[in-house]
Amino acid sequence: MCYLGTLTPLQAQQIRNALKITQTPDTFVTTFDDMLFEDHWNYLDIAFLNYLWDEKWCLSKLFPSPKETSKTRKKDISTGDIAKILTFYRCLDPGSYLSAIDWFNTTTCDLILGIEGAHFNESRIYRELTVIEQQKEKIEQYLYETMKSSDEEGMRIIFYDHSDSYFEGKSCQLASPGRTKAHGFKNKRIVISLLINSKGYPFSWDILEDYTADVKTLTGNADRWKQKFNLQKVIMVFDRGMVSDDNLKHLEDSKNYLYITALDKDQLNGVEGFKPERFKNFTEETMENEIISKGLTKYDDNTYYEDLGVDSSDRRHILVFNQDLLQDQRKAREKFIGKAMEELGEERNSLIEAKKSRNENPTEKRIDEILKKFKVNGYLDYSLEGEVITTKEGSEVRTFNLKYGRKKEAIKKAMRTDGMWMLVTNITVTTEPEELRLSPEKLIRAYRDKNRVEEGFREVKSFLKFRPTFVYRNDHVRAHYTICILAYLLDVTVTNRLREAPVEDVGGVRKVYSTFGRCEVAKLGVRGTKCEGKKLMPVTD
């Protein structure tokens, strides 16, 4: 034994390093400069989604095994693995299915799923899309049963809506000409539907062929859901765009559906017991006590309601008044009236300065189109008086003097219902079972919660990028929508968990994915040696 005397910290560490080399053959001396960072792959975001897929929802069992789908040869990657990878892709970095291969190679999907990365290729993706679509009915049934068994309360109220998207090109047979809600007329419009429970989880979806109008889609789907899911009695919430007397009558006759929806503003005056005259003096400044004095009950700081009871058709109506809505509607009306009058002024000047004679019918058509564009037909009136003017060149031109103005009484009448909307439902105090008897407050809350299905469409069309679709065969387009919905299912799972247990500085699902995405697997090497290996980055707070 040799006494080394007092050592500096650096000398002590050098001796420890030397001793460590003698203790294991895997240890060797290198320098920081000789260490090589050769590659890296996303890990924790993939592992997290894989946990949700396999442990939370157990989705892999819904897809056929390799033996079931390939009788003649051994299948090197299962349909379930393809569906899983494509779903993760839509959650984390959505794009074309061709780009999915490049994305796959930047992840640890092959390590986590235990597959050979070379087998995930374009031809395999498109073959498996067909098989994925064939499992849609099975997936829907499974999700419904799983949600009902785990949270029966959450399945008592379901929300239905549909939206639209469109294709570029001419190949998709599912698409047809039509007007989209956000992009105007498109030659290849496609209509998608979605059914979710009260927690926002999707359990039925479809692409609607031969779509004509909102009001014509509800009854057929309601019958299909009743048969598919063996529905007993549930409350369905849907948008006012699907309201028609025939639709409501169909749901009432089915005995399986209770419904909550709303009426358009122009339908309010037809409701029994609705007396708008008492609200004629309401403004943005109307005080709470005056609102309550008119028979309304406070719901929240800006919202009041009145239960109008059950009418002669056994439908119950809840009148709702919101001061913010009143302010918005009055501002919008004045804005559009102002814009219409501005364009009418331009039309009037054009008529006065006409260099050629004008015909009455085309002139009226132009004016009517202005009023229609700004939706002020009921608030502005006009007349055309024939005139003959002489141009600078001395020729006579037959034209018109356009006179226009506000319909003051019509505007006053419209102002009586500003800020108001009307719930209509078949849920009454005698509804069975008793737990489905909802108070006016719960009815209002349920209808407001329909924004969850609207959020679902926004998620599918924006973050998950239903469009651009990148596929055109009918079964591939349907499979693409199914994959988008499965991705949305995982997103909602994360969102609901954040609502239950908020995390500081993590405002939503995108932040969760980006945070987890920073935890990667790295490939390290040492210059001048054959030594290399993979290392997992530590998880940080």
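Are any residues in segment 519-536 in contact (Cβ under 8 Å) with a residue 40 or more places away in the chain and not acidic (Asp, Glu), and if so, which ones?
Pass one, segment 519-536, residues in contact (Cβ under 8 Å) with a residue 40 or more places away in the chain: 519-529, 531-532, 536.
Result: Cys519, Val521, Ala522, Lys523, Leu524, Gly525, Val526, Arg527, Gly528, Thr529, Cys531, Leu536.
Could you say which residue among Ser357, Ser313, Ser293 is touching a Leu at 6+ places or on another chain (Cβ under 9 Å), in the same structural domain as Ser395 (by TED's automatic domain parsing) and polar (S, T, N, Q)?
Exactly one of Ser357, Ser313, Ser293 is touching a Leu at 6+ places or on another chain (Cβ under 9 Å), in the same structural domain as Ser395 (by TED's automatic domain parsing) and polar (S, T, N, Q), namely Ser313.
Looking at the structure I just gave you, is Leu263 under 28 Å from Asn322 (Cα atoms) and modelled with pLDDT of 90 or more? So that I can check it myself, show each step before the final result.
Details: under 28 Å from Asn322 (Cα atoms): yes; modelled with pLDDT of 90 or more: yes.
Spelling it out, Leu263 is indeed under 28 Å from Asn322 (Cα atoms) and modelled with pLDDT of 90 or more.
If you check Leu268, Leu258, which single one turns out to be within 23 Å of Asn197 (Cα to Cα) and modelled with pLDDT of 90 or more?
Values: Leu268 fails: within 23 Å of Asn197 (Cα to Cα).
Matching residue, one of Leu268, Leu258: Leu258.
What's the total number of residues in segment 494-517 that are surrounded by 12 or more Cβ atoms within 10 Å (Cβ to Cβ) and either modelled with pLDDT of 95 or more or assigned to a helix (DSSP H, G or I) (or both)? Please lay out each step first, then the result.
We begin by selecting, within segment 494-517, every residue surrounded by 12 or more Cβ atoms within 10 Å (Cβ to Cβ); these are 494-498, 506, 508-517.
Going one step further and asking which of them are either modelled with pLDDT of 95 or more or assigned to a helix (DSSP H, G or I) (or both), we end up with 494-498, 509-517.
Matching residues across segment 494-517 total 14.
Being surrounded by fewer than 14 Cβ atoms within 10 Å (Cβ to Cβ) and either closer than 15 Å to Ser357 by Cα or aliphatic (A, V, I, L, M) (or both) is the filter here; which residues of segment 377-402 pass it?
Residues satisfying the conditions are Glu385, Gly386, Val388, Thr390, Thr391, Lys392, Glu393, Gly394, Ser395, Glu396, Asn401.
If we scan segment 393-409, do we find a residue that is assigned to a strand (DSSP E or B), at pLDDT below 95 and among the aliphatic types (A, V, I, L, M)?
Scanning segment 393-409 turns up at least one residue that is assigned to a strand (DSSP E or B), at pLDDT below 95 and among the aliphatic types (A, V, I, L, M).
Has segment 225-233 got at least one residue that is part of a helix (DSSP H, G or I), touching a strand residue (DSSP E or B) at 6+ places or on another chain (Cβ under 7 Å), surrounded by 15 or more Cβ atoms within 10 Å (Cβ to Cβ) and outside the structural domain of Gln327 (by TED's automatic domain parsing)?
Going through segment 225-233, the residues part of a helix (DSSP H, G or I) turn out to be 225-229.
Checking which are touching a strand residue (DSSP E or B) at 6+ places or on another chain (Cβ under 7 Å) leaves us with 225.
Pick out the ones that are also surrounded by 15 or more Cβ atoms within 10 Å (Cβ to Cβ) and you get 225.
Then drop every residue that is not outside the structural domain of Gln327 (by TED's automatic domain parsing), which leaves 225.
Yes, the conditions are met somewhere in segment 225-233.
Exactly one of (1) assigned to a strand (DSSP E or B); (2) in contact (Cβ under 8 Å) with a residue 12 or more places away in the chain is unmet by Val388. Its number?
Result: Val388 passes all but (2).
Can you name the residue in segment 450-468 that is buried (at least 17 other Cβ atoms within 10 Å of the Cβ) and under 28 Å from Val429 (Cα atoms) and is also modelled with the highest pLDDT among such residues?
Among those residues, the one meeting the criterion is Lys450.
Taking the conditions exactly as written (assigned to a loop (DSSP other than H, G, I, E, B) and more than 29 Å from the chain's Cα centre (by Cα)), does Gly338 satisfy them or not?
When the stated conditions are applied, Gly338 does not pass them.
Within segment 330-344, restricting attention to residues that are of a type outside the set (Val, Ile, Thr) and in contact with a strand residue (DSSP E or B) (Cβ under 9 Å, 6 or more places away or on another chain), which residue is surrounded by the fewest Cβ atoms within 10 Å (Cβ to Cβ)?
Step one: filter segment 330-344 for residues of a type outside the set (Val, Ile, Thr), giving 330-336, 338-344.
Filter once more, so that each one left must be in contact with a strand residue (DSSP E or B) (Cβ under 9 Å, 6 or more places away or on another chain): 340-341, 344.
On the way: Ala340: 22, Met341: 17, Leu344: 21.
The selected residue is Met341.
The values are calculated or read from the model by the stated rules, or taken from the named source; none is laboratory data. None of the values given here were measured: they were computed from a predicted structure. Note that we place each Cβ from the backbone using ideal geometry, even for glycine, and neighbour counts take in every protein chain shown.
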